[in-house]
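The values are calculated or read from the model by the stated rules, or taken from the named source; none is laboratory data. Remember, predicted model here, so these are calculated numbers, not experimental data. Using ideal geometry, Cβ is built from the backbone for each residue, glycine included, and neighbour counts are taken over all protein chains shown.
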Amino acid sequence: MITKIKFDVNAIAWLVHLGVLLTTLHAQDASAQRSGPFTKGLYIGIEAMSGSRTFEIKSDLQALKGNKIEQHGRTYGVTLGNRLISGKIRIGNFRASQGDSQPFQSNTFELGSSFSPLQLIAKRTPILEPYLTLSIETTKIKSSGSFTPPPSKPKSSSTCTCTCTSGGSMPDPDALAAAPAVNNPVPYTGSFGSTRLNMGIGLKAHIQKGSLFLTLFGEMNYGVTMGTTASTQALLNTYILNQVAYNVGTSIGIIHFKSSGRRLRKIRFR
């Protein structure tokens, strides 16, 4: 596989700053040992999402250049954390609309986290609350088609071996040399992908009973391309830009409560 990395300095800076912020907030929360509901248990669950994403293709191939693609699909994942901050691993599959001229199909893998700022200030855990998201996502897009490469320069040197008949004219070697060479279309069937930094916002409704929880959520994120890959030479300069994604989903799971470590002493009356 051919790999071409395009680094975005601003994206890396955002990643470092937000990572430090989330780590600091989590460390402060752990050291404070608050009595709020979000510190009393570890949430372990699975989630399913349905959503759409739109992006623009940048390429040196005229058949792909400037195409704006809209895809719909589903994503499945696992989540681990507490009410303040949680980590997520997601995999998804998306397809373009049926009426789209380019039948693109993409597979995604995402590693991210969500942060609920109200948990730091709310005295009571709200049922409905906003949250922030940050993730790294890799996308592999399958494509099919062909393109016509630029014509190659004809050779200037030529030898004439024609036998001229009476009344015939001899072909002009310069005219033959000036004629452009015809190139057959070359297939670019293959895959190209990108690694992105996603940042977004969401709104969730959280319900729990005993050691079980149910969360309904909707979120929107924007992706900044950090690197690209291509399976063929023809797709080396093809990648996606300005991805915006909308998702709605649900997650369910269990809550693991930590024991206090204290043992109750039995009192015997004589």
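Checked against (1) surrounded by 20 or more Cβ atoms within 10 Å (Cβ to Cβ); (2) part of a strand (DSSP E or B), Gln119 meets all criteria but (2).
Have a look at Leu212, Leu264, Leu241, Leu235 and point out the one that is modelled with pLDDT under 90, touching a Gly at 6+ places or on another chain (Cβ under 8 Å) and not polar (S, T, N, Q). Give the derivation first.
Values: Leu212 fails: modelled with pLDDT under 90; Leu264 fails: touching a Gly at 6+ places or on another chain (Cβ under 8 Å); Leu241 fails: touching a Gly at 6+ places or on another chain (Cβ under 8 Å).
Checking each option against the conditions leaves just Leu235.
Which of the residues spanning segment 232-247 are assigned to a strand (DSSP E or B) and crowded, with 21+ Cβ neighbours inside 10 Å?
Answer for segment 232-247, where residues must be assigned to a strand (DSSP E or B) and crowded, with 21+ Cβ neighbours inside 10 Å: Tyr239, Ile240, Gln243, Ala245, Asn247.
No other residue among Thr250, Thr229 is assigned to a strand (DSSP E or B), at pLDDT 85 or above and more than 29 Å from Tyr131 (Cα to Cα) apart from Thr229. Counting only residues that are surrounded by fewer than 19 Cβ atoms within 10 Å (Cβ to Cβ) and either in contact with a Leu (Cβ under 8 Å, 6 or more places away or on another chain) or at pLDDT below 95 (or both), segment 50-60 holds 5 of them. Scanning segment 36-49 for residues that are surrounded by 15 or more Cβ atoms within 10 Å (Cβ to Cβ) and closer than 28 Å to Leu241 by Cα yields Glu47, Met49. Annotation: of all residues in segment 105-146 being modelled with pLDDT of 85 or more and among the charged types (D, E, K, R), the one that is nearest to Leu197 (Cα to Cα) is Glu137.
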